[in-house]
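Heads up: the structure comes next, in C-alpha cells.
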Amino acid sequence: MAKSIFKLFILLCITICAAIYCFALEGPCIKMNRYVYDFGKIEKGETRDEIFMLENIGDEELIIDDINSSATYILAKVNSKYISPKGRTLLSVYFDSKERPVGDEAAYITIFSNDSSEPRRNIPLYATVIPDDKSYNLVAKVPRINSQELYSKIEKGENIVILDVRDKNSFLSRHIPKAVSFPRDLFESGSEKTESILNGINKDSSIVVVYCGIGYHSSYAAYKLIVRGFRAFSLDGISYWTNSGYPLESGAVNKY
C-alpha cells in the first residue's frame, strides 16, 4: 500500500514539474486542442475534414516550417505559418477515402516548427472506411460459409482455394492450413502479387473461400471476386474457426 502511494506521489510530482516546465518555457511553444484524432466511419469515396486549434503559449513567435503527412490520402494545411505569442491559428486536415480499401486506417501528420521543446510533433489519425450504400447492399448478399462447412469440405478433398485477407503479420501469427496470404490492401490496389494468385485459380473447378477475423473484410473481398467471375464465399472468420478447435498453422507465407 505504501509503495503504491509513493508511486502515485512520484507520478504527481513529475506531472506538476512537467506542467511548470511548459508554462515557464521560454521561446515559442505549441499547444493544440487535441493531439490525436479518429475520423470514425467514412463511406468509401467520401472526403472528411477536421479543424485543429493550434496555439502559441510561448513568449516568442512560433514558426510552422512545414507539415508532412505519412499517407497520400491525408492532406494538412495551416492558415498561418507565423503565430505571435498567445496567438492562435487553425490547422485543417483532410482524409480522402476514394483510393482506400474498406477497413481500418492509421496515419499521422508531422508538424515541423521552431518549438524547441518539440520541433517535430506527430499527430496520429485514425479512420474506418466502410462500403458505400450500393456496395454495402451487394456485400450483404455475398454467399456465406461457416467454419464447420469449410472443414467438412476440406476433409472431403474438395477443390478449395482459401484466401486470408488480413495483414501479413496476422497471417504469420496463425492461419488456416493451406491458406494463401492475400492482404486486402494489396488486392484493392491491384498488386502484381494478388493478381498472380488470382490468375492461378481455375474459375470452373475451384471455389474460393475468403476469411478475415470475423467476416467483415472478407465479405467485401468476396464480393469483388464474385464480380470478377469467381465462385467466392465469405467465411464466418478465423476467430470462429479457432473457437471450434480446428487446426491452425503459423509461419511462412504459403504460395498458391
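The values are calculated or read from the model by the stated rules, or taken from the named source; none is laboratory data. Only a predicted model underlies this, so the values are computations on that prediction, with no experimental measurement involved. Virtual Cβ from ideal backbone geometry, glycine too; neighbours counted across all protein chains shown.
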| note | Selection from the stretch 77-110 of residues more than 18 Å from ILE123 (Cα to Cα), in contact (Cβ under 8 Å) with a residue 24 or more places away in the chain and among the hydroxyl-bearing types (Ser, Thr, Tyr) yields SER84, SER97
| query | Is there a residue in the stretch 144-157 that is in the same structural domain as SER205 (by TED's automatic domain parsing) and on the phi > 0 side of the Ramachandran plot? | reply | yes
| note | Residue hits (the stretch 67-119; charged (D, E, K, R) and either surrounded by 13 or more Cβ atoms within 10 Å (Cβ to Cβ) or in contact with a Phe, Trp or Tyr (Cβ under 9 Å, 6 or more places away or on another chain) (or both)) are LYS77, LYS81, ARG88, ASP96, LYS98, GLU99, ARG100, ASP104, GLU105, ASP115
| task | Would you be able to say whether some residue in the stretch 160-168 is modelled with pLDDT under 95 and on the phi > 0 side of the Ramachandran plot? | result | no
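Tell me yes or no: at least one residue of the stretch 220-230 is under 13 Å from VAL102 (Cβ atoms), among the small types (Gly, Ala, Ser) and under 21 Å from the mean Cα position of the chain (by Cα).
Of the residues in the stretch 220-230, the ones under 13 Å from VAL102 (Cβ atoms) are 220-224.
From what is left, the residues that are among the small types (Gly, Ala, Ser) are 221-222.
Then drop every residue that is not under 21 Å from the mean Cα position of the chain (by Cα), which leaves 221-222.
Looking through the stretch 220-230, at least one residue is under 13 Å from VAL102 (Cβ atoms), among the small types (Gly, Ala, Ser) and under 21 Å from the mean Cα position of the chain (by Cα).
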| query | Considering the stretch 119-133 alone, what residues qualify as being farther than 19 Å from SER218 by Cα and touching a residue at least 40 places away in the same chain (Cβ under 8 Å)? | reply | ARG121, ILE123, PRO124, LEU125, TYR126
| query | Among the residues of the stretch 27-62, which ones are loosely packed, with under 15 Cβ neighbours inside 10 Å and among the hydroxyl-bearing types (Ser, Thr, Tyr)? | reply | TYR35, THR47
